[in-house]
Amino acid sequence: MCGGSELEDLEELVKKAAMKADQAEIFYLVKTSTSFRGIADKINFSRSSFSKGYALRVIKDGKMGVSYFYNPSEFDRALNTAIYASRFAEKLGIQFPLKKAFTEVKGVYDKKLLKKDENELSDCIVQMIDTVKRKGAMPIRCGAGRNESFFCMLNSEGGEFKSKRTGFSAHSTARFKDTAQTSDKSSHSFFNPVELAEKSADLALAFAEGKPTSGEFDIVIPPTLVANFLRLEPFASFSGEKAFRKDSYFSGKKGKKVADDQLNVYDDPTIPNGMGSVKCDDEGVAANRKALIRNGILNILLYNLETARRAKTKTTGSGFRNSVSHPLGSGPTNLVITSKNITHLDDFKGIMVNSLIAMQNLNQRNGNFSCSIASGAFFNGEIGKPIKGCSLVGNFFDILKNVSLADDEQVYHKYYGPSWTFRGKIV
Amino acid sequence: MFDLLEKYLNLKADFIEIRASKSVGNSVQLKSGEVKDLVSGEDSAASVRIMQKGAWGFASTNDLSRLEWTAKSALKMARVSQKLNQKAGISKEKAYVDRVVIKPKKDPEDYSLEQKVNDLLKINNRMKMKKIASCSLSYSDSISSKYYLNSEGARIEIIFPLSNIFANSTAKGNSLQSAYKSSGGLFGYEVIDEFGEKAEEASKIAVELLTADLIKSDKYDVVIGSEITGLLAHEAIGHACEADHILERSTVLEGRMGQKIGSDLVNIVDDGTIPRLHGTFSYDDEGVKSQRKYLIKKGVVNSFLHSRETAYKLNTKSTGNCRGGTVEVPIVRMSNTFFERGDANFDDLLDIKYGVYIEGFKGGQVNTTQGDFQFGAERGWLIENGELTKPLRDLSIAGSILDTLKRVDAIGKEKPSFHLGYCGKMGQRMRVSTGGSKIRVRGIRVGGS
């Protein structure tokens, strides 16, 4: 996918950049993907894509400038732009990392996945549609796709890494009466997407024709919903930069109680096969497991090279890119949640809230939320009478302080943990 | 560019379309007065969509030296997709040959990054005030060229500017509260003119929210400001009118064309032709001219939004609503979606004994299958006996599509105002705008504490 000559070319570009700047770094990404999507009972489209790009960062007079380009012929323009942009940056004294060896995390690249041809991938769609129908539900949409990516970073100080990844993801949305439910999964290797079709149909059948309810209940939310909560908070609030800028609930709370005494939250990039697993971050800084919250106490926030300098601390190896054209940000890898405060789901009586709509309305800074329940049901060891047309209201940070974990440990994308239970209000 | 693309129309297929784009742009982010990110760059991309024997294949690249690979991959994917007795087709539409150039009043390329940074710093200074813990400004500009050609003879080139600016302020008291303002659309550097006042307003609102109260979650009579009215038009009605959802059978409006679902006062429009708005475009990404259409007219479902593909399946014409980034498969999207104005003045709207006035949106979502929606409001006020009495915070409204429009009993007479946004659908992000006049809705769910 990426030949040695391209890497040699990168070295030349870094050298060229370092002649005009004090230090230089190039991040290179190349990605191919193939995917199929079904709508109702047909394949709606199939897609192949190829993309590549280069992110360029230079340090001149202690200030960092950023640019990007998609073709090496555009390098000179990008270099001039980055050097010009550095004039407006704050003098932070950032140094790009020196040479260091990293060991790749196991299971993030699977050659066997790449042997799955387009016919096999399109068969997944056919099988998912058939499965939802067989279950007595209606297929609405589904998809399956694989991708392969190669990325590397070289800097003028000798720092470098190369990495390659494979990914397979699939999703299925099934409808029964007034309810549509989605099930999705991603992995570095192939898995049978029929299991997702079955799950989406089962959920649609279970949660159809809910009725409104209200009151205070013991609430259980599955890992899919926990992960969605965590995409909003505290994902954003674990940002060291946000805390430093006093734009986060966690600002000034390091060393203070922010969660239930038994709750631990880890950022763990070392998990074999993990979707967020990396040997180092995109700046070439080693990635290690770290406790973000330990026994309910906020322990550490996440920084990249730049935000660490601003906050006068050290990078946590959490500098990651969404694309070459966007500035490098910071964030967690795999989020692992553990607690000794365990609720046995077989004995649990209350309400299961399976999905919410408009979760982005959660106030990122104070944790308040009021979200409509898209699917839920009374729960007594198993799913009972469905509910809908009502809202779950509360405060996410209060939930963190009172949460108990269920005994159904699961993996959902980058979330490693069980369902959550807490006392909550439905109106 | 057309010369480069033209030869790939010769592949053996029932229908071929090629899209390409080039753009040059800059973005600057200021956080608490520091230049956080300043990025400049040029992007280019191309994609090929092919229909053969009733099946679609699509391929894309951001490397224009790989056009041949892209075209052949699209053809291969169309062949592989010929399973499940595919019956894809496209509606017959006029094949336009056109060149559209939208010029900015102030070409962003005429202004140095230095000037842009200095202008943003001036705006940032206006945002600083007591109790403001942090503030940020995010500015971006671009000039893009888009090319569309298909095997039916369409050849369209569109050159247009796009500039946006966002201001966000966070105030700290006993809690943290934030507010934001934005401005943008098919403009050039003029987007920055007069934004200082808006940015200052964001800080003032954030500070005011520190002393605002929560309201008990319940049903209230609500007056909705234009930002949330627009969200209601877009999220609750617009998405439910998208014909791909109709075909998926995932919208409560399926089978309701011509049915009355709202009060006589309700007229909801999707109009991609309004000059310079954020959701405006001359031709959609299937080469169909942008149009104005009533989704709801006098409370009756009047039109769905179509691509050529959905129009073919539902035996109608495209409404020019098929949109997608160059490397994305184009899908049915809205443009500028809004409530038309009514005849009530603000005092008339406030004719409520005990209710809520809300304004400023904080995102929202709709479940088109179940017909439920929820939107967040930036702030609100309690209405008591026709007067705004107490400021409120952390509000949301929720309801059912088929019920809520029937509860609209007054619409403001002010000219609709529009607000820029980005709509997410099927993993794609598209520029749109939403808006309207203020409306009064009787007895809907308000989320608070």
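The values are calculated or read from the model by the stated rules, or taken from the named source; none is laboratory data. Being a predicted model, the structure only gives us computed values, none of them experimental. Backbone-built Cβ (ideal geometry, glycine too); neighbour counts: all protein chains shown.
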Handout entry: Checking A:Glu6 against (1) within 12 Å of chain B (Cβ to nearest Cβ); (2) touching a strand residue (DSSP E or B) at 6+ places or on another chain (Cβ under 9 Å); (3) free of Cβ contacts under 8 Å to residues at least 40 places away in the same chain; (4) of a type outside the set (Ser, Thr, Tyr), the condition it does not meet
Key = (1)
Exercise for the section: Just name the residue that is nearest to A:Arg47 (Cα to Cα) out of those in the range A:127-137 that are touching a helix residue (DSSP H, G or I) at 6+ places or on another chain (Cβ under 7 Å) and crowded, with 22+ Cβ neighbours inside 10 Å. Expected result: A:Met128
Handout entry: Which listed residue is surrounded by fewer than 20 Cβ atoms within 10 Å (Cβ to Cβ), among the hydroxyl-bearing types (Ser, Thr, Tyr) and within 30 Å of A:Ile383 (Cα to Cα), from A:Ser172, A:Ser186, A:Ser163, A:Ser149
Key = A:Ser186
Problem - Matching option when the condition is farther than 25 Å from A:Phe422 by Cα, touching a residue at least 60 places away in the same chain (Cβ under 8 Å) and among the β-branched types (Val, Ile, Thr), among A:Val226, A:Val194 - result: A:Val194
Fill in the blank from the handout: Contact list, first residue from the range B:197-215 and at pLDDT 95 or above, second anywhere and β-branched (Val, Ile, Thr), beta-carbon distance below 7 Å, six or more apart or interchain, is B:Ala199/B:Ile123; B:Ser203/B:Ile132; B:Ala206/B:Ile132; B:Ala206/B:Thr170; B:Val207/B:Ile132
Exercise for the section: Only one of these is touching a residue at least 40 places away in the same chain (Cβ under 8 Å), among the charged types (D, E, K, R) and assigned to a helix (DSSP H, G or I): B:Asp285, B:Asp244. Name it. Expected result: B:Asp244
Handout entry: Inter-residue pairs, beta-carbon under 9 Å, first closer than 16 Å to A:Gly65 by Cβ and in the range B:31-45, second among the basic types (Lys, Arg) and not in a strand (DSSP E or B), 6+ apart
Key = B:Glu34/A:Arg310; B:Leu38/B:Lys116; B:Ser40/A:Arg77; B:Gly41/A:Arg77
Practice task
Check off (1) free of Cβ contacts under 8 Å to residues at least 60 places away in the same chain; (2) β-branched (Val, Ile, Thr); (3) more than 8 Å from every other protein chain (Cβ to nearest Cβ) for A:Ile387 and give me the number that stays unchecked.
Solution key: (1)
Problem - Residues that are under 20 Å from B:Ser145 (Cα atoms) and within 26 Å of the chain's Cα centre (by Cα), drawn from the range B:73-108 - result: B:Tyr96, B:Asp98, B:Arg99, B:Val100, B:Val101, B:Ile102, B:Lys103, B:Pro104, B:Lys105, B:Lys106, B:Asp107, B:Pro108
Exercise for the section: Note down all Cβ pairs under 9 Å where the first residue falls in the range A:129-153 and is on the phi > 0 side of the Ramachandran plot and in the same structural domain as A:Thr173 (by TED's automatic domain parsing), the second is buried (at least 24 other Cβ atoms within 10 Å of the Cβ) and not in a strand (DSSP E or B), and they're at least six residues apart or on different chains. Expected result: A:Gly136/A:Ala201
Problem - Odd one out for A:Phe369 among (1) crowded, with 18+ Cβ neighbours inside 10 Å; (2) without any contact (Cβ under 8 Å) to a residue 60 or more places away in the chain; (3) farther than 30 Å from B:Ile132 by Cβ - result: (3)
Practice task
Among the candidates A:Lys177, A:Lys115, A:Lys91, A:Lys162, single out the residue that is of a type in the set (Lys, Arg) and in contact (Cβ under 8 Å) with a residue 40 or more places away in the chain.
Solution key: A:Lys162
Completion exercise
For A:Tyr412, the lone unmet condition from (1) crowded, with 22+ Cβ neighbours inside 10 Å; (2) out of contact with any strand residue (DSSP E or B) (no Cβ under 6 Å at 6 or more places or on another chain) is (1)
Practice task
Confirm whether A:Ala18 is part of a helix (DSSP H, G or I), within 13 Å of chain B (Cβ to nearest Cβ) and not aromatic (Phe, Trp, Tyr).
Solution key: no
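I'd like the residue in the range A:65-97 that is in a helix (DSSP H, G or I) and buried (at least 22 other Cβ atoms within 10 Å of the Cβ) and, out of all such residues, is farthest from the other protein chains (Cβ to nearest Cβ).
The residue in question is A:Leu79.
For every residue, the table says whether it meets (1) farther than 20 Å from A:Arg231 by Cβ; (2) touching a helix residue (DSSP H, G or I) at 6+ places or on another chain (Cβ under 6 Å); (3) modelled with pLDDT under 95.
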{"position": "A:Ser370", "(1), (2), (3)": "no, no, yes"}
{"position": "A:Ile387", "(1), (2), (3)": "yes, no, no"}
{"position": "A:Val393", "(1), (2), (3)": "no, no, yes"}
{"position": "A:Phe397", "(1), (2), (3)": "no, no, yes"}
{"position": "A:Pro418", "(1), (2), (3)": "no, no, no"}
Exercise for the section: Report, by residue number, each residue of the range B:219-237 that is under 16 Å from B:Glu384 (Cα atoms) and more than 13 Å from chain A (Cβ to nearest Cβ). Expected result: B:Asp221, B:Val222, B:Val223, B:Ile224
Practice task
Output yes when any residue across the range B:250-262 is within 14 Å of chain A (Cβ to nearest Cβ), under 23 Å from the mean Cα position of the chain (by Cα) and closer than 16 Å to B:Cys423 by Cβ, and no when none is.
Solution key: yes
